[in-house]
Amino acid sequence: MRSELGPIDLPPLTHLVALSDDVGIIQHAAENIPKRWTGYCTDDVARAFMVALAYLRLHPRDEMALRLASTYLAFLCDAQREDGRFRNFMSYARTWLEEVGSEDSCGRAVWALGYGLRYAPDERWKRVCADALLRALPVLGGLGALRARAFAALGLVHALRSDAHAADGLAAALGACIAPLQAAHARIATENWNWFEPVLTYDNARLPQALLAAGGVLGQAASIEIGRATLRFYREVTMADGLFVPIGNLGWYRRGGARARFAQQPLEAAAMVEAQLAAFEVDGSAVHLSAAGLAYAWFLGRNSLGLPLVREGACFDGLEENGVNRNAGAESTLAYLASGYALALVDEGRSGRIEAV
């Protein structure tokens, strides 16, 4: 994608391949070497499935990406219980380490399945995604965490936009997912703190992204307006003087308090890129493309320390006060790849060569 920051090169799959095996994707790395003993998690595999499919949208016949996507989808199917819920952590010995995973892992799995239902290059894969997604629908009403609901909502948006979906109730499920976000905003937001919670923590931009995307597919102007307003607030908090400075996870940012500047996490940049692209889809404003490009530039060295976090398709695990965390695990690398591919897909969409989102 070309923006005020210049051309953006498509990140390679090199490190994603290094982290992956015939089960899934290893969670952590020592520098760029996978730590096999840390095993796998549904959170990362869901992200990886969407990244592989996004790459395939750009390179439809890439054999490595096809193999990776198939492996990741098999993991997601194995992670799902008969009651529709998902396990999260698996050991390197292929043993599930819990009966039920976190709410976030459930939401991310639904997100990935919806994305697969829309964009998988094989009709058989789409049917597998549809079956798993439908089994998960009854679970979504029990999700209490706002981010889990936002992740699931993004998956349902993709499912509703898919030509392959054949299920009544998806729109109702989507409405039920975003209703708590709307209620939280009504309860918490003030003139000076236009947000859903009294503290900014992790994956923040996914909340307005979910409302923007859901509002668009459901025709809910109120959801879109809340999404716009909260994303504007978050952009004002994190972007100034040509830099994206995400909320650090060493203390977060509580209303009325001091914001943490470090450790800045790659998933925050990825969330901001995709949320701004969701806003661009709604109103076509170039402001959102500029903000997305600025968030992506965080990976490349336009950040608080002026240090690049990426090399040969790998992304370091965070920006610390004294430098980068040189380990390049799955979450960080997937955040970088997802951002780059999302921007490339919008560029392709604007040129008319491919469906943008």
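FYI, it's all coordinate maths here, none of it is from the lab. These numbers come from a predicted model, not from an experiment. Here Cβ is always computed from backbone atoms with ideal geometry, including for glycine, and neighbour counts include all displayed protein chains.
For this structure, a couple of remarks:
- Low-density loop positions, GluC sites (Glu not before Pro), the range 37-135 - DSSP coil, at most 14 other Cβ in 10 Å: E82, E98, E99
- Cα centroid separation, the range 150-198 to the range 289-334: 29 Å.
- Within the chain, helices built from complete DSSP H runs that reach 15 Å or longer along their own axis (Cα positions) and carry a mean Kyte-Doolittle hydropathy of 0.0 or higher are 42-58, 63-79, 123-140, 146-161, 170-188, 206-218, 221-238, 266-283, 286-300, 330-351.
- One decimal place: the segment H59-T14 gains 14.7 nm when fully extended, by the rule 0.36 nm per residue minus the C-alpha distance.
- Leading residue at positive end of dipole, the chain (Cβ point charges), from Y202, I33, A297: Y202
- FRET efficiency, 1/(1 + (r/R0)^6) with R0 25 Å, evaluated for D131 and A221 via beta carbons: 0.15
- Taking amide H positions as modeled 1.01 Å from N, with prolines and chain starts lacking one, the residues under 5 Å from G318 and 5 or more places away or on another chain are N325.
- Labels on offer are [x] 36, 21, 19; [y] 27, 25, 21; [z] 38, 31, 17, and the one holding semi-axes √(5λ) of the Cα gyration tensor in Å computed from this structure is [y].
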